[in-house]
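A short worksheet on the structure shown next.
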Amino acid sequence: MNETETRDAGAPAENTGKPRKNQTREFIEAILVAAVLALFIRTFIVQAFKIPSGSMIPTLLVGDHILVNKFVYGIPIPFGDGKFVEFSRPDRGEVIVFRYPKDPSKDFIKRVVGVPGDTVAMRDGVLTINGEIVSQAEAGPYVYEEVGGSETVRSTMYREQLGDEPHDILLGDDEFPPMRTFGPITVPPDQIFVMGDNRDRSNDSRFWGMVDIDAVQGRAMVIYWSWDRDESSVRWSRLGDVIR
């Protein structure tokens, strides 16, 4: 091997004249693409929400983190209310997230009880829709602690049949519960009547009226995470639970 060949073998590769892509630019592009994709998914397909109150006990507990299907009712208008295209509307028994009518900056989660044209009433905790009693079967006592251990709440759980599938509700053992008797109220067009499953401890349509269909964000799907703040522990048994 001659001297020239030895030097060539150890020499660095030639510069072809093509500039290498800036690594910082690649990183920024990747971040932007990920951000746009996340925003698209959050706006049009699915969004995560955290349950801050006990109004939906026993279906949802404080500290549950849920995924909400935003596509099920149609293609939503970004950063506003309503749908570009409407596929369907919330039905009785579905758990939905919506913008709170009194303060649209807040998101609430409740169960649909009445749809447009329904006449809703309650007598001593027994719900009626269009004059027919909604089936409620007693399922036994239910006791839970308010967040922070401030109060022990004693209730009775009932299995209620509003839609296609049954769900559980609570009626407290208070002697004079608020709004356990109301109505009849007829639901106007393009609005729905909603209530929490923790019937005696829910701020809902009984107090502030109907929810506009356009204010509905989506339907609750599944619990993907659940944190018990009082116990500082994960509620492993709830992970993956489908919300019914």
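The values are calculated or read from the model by the stated rules, or taken from the named source; none is laboratory data. Since the structure is predicted, the reported quantities are computational estimates derived from the model, not experimental observations. Counting neighbours? That spans all protein chains shown, and the Cβs are built from the backbone with ideal geometry, glycine included. When the accessible area is computed, the model is the full protein with side chains, heavy atoms only, and any ligands, DNA or RNA have been set aside. Shrake-Rupley method; radii C 1.70, N 1.55, O 1.52, S 1.80 Å.
Brief remarks on what is shown
- Long-range Cα-Cα pairs in segment 56-130 (distance over 17 Å), rounded percent: 59
- Count Lys and Arg as plus one, Asp and Glu as minus one, and take only other residues whose Cβ is under 12 Å from that of Val113; the net charge is then -1.
- Taking other residues whose beta carbon is less than 15 angstrom from the beta carbon of Trp236, and scoring Lys, Arg as +1 and Asp, Glu as -1, yields -2.
- Per residue value of the accessible surface for segment 89-244 (all protein chains in place, 1.4 Å probe), Å²: 50
- Of all DSSP beta bridges in segment 85-244, antiparallel share, percent nearest 5: 100
- Net charge dipole, segment 86-244: roughly 200 debye, given to the nearest 20, about the Cα centre with Cβ charges of +1 for Lys and Arg and -1 for Asp and Glu.
- Out of every Cα-Cα pair that segment 113-237 contains, those further apart than 24 angstrom amount to 37 percent.
- Gained length - Asp168 relative to Trp225, 0.36 nm times residue gap less alpha-carbon distance: 18.5 nm
- Positive dipole terminus of segment 156-232, leading residue within Ile192, Gly172, Ser202 (C-beta point charges): Ile192
- Taking the DSSP bridge list for segment 155-212 and keeping only pairs wholly inside it, about 90 percent are antiparallel.
- Counting only Cα atoms, segment 174-244 measures 42, 37, 17 Å along its principal axes, largest extent leading.
- Where only alpha carbons of segment 91-142 are counted, the Rg and the Dmax (Å): 13.8, 38
- Carbon + sulfur, % of accessible area of segment 85-171 - ligands and nucleic acids excluded, 1.4 Å: 45
- Peptide ranges 95-102, 137-144, 230-237 listed from the most packed, as the mean C-beta count within 10 angstrom indicates: 95-102, 137-144, 230-237
- 15 Å reach of a label modelled at Arg244, 7 Å along Cα-to-Cβ, counting backbone N of segment 89-107: 93-95
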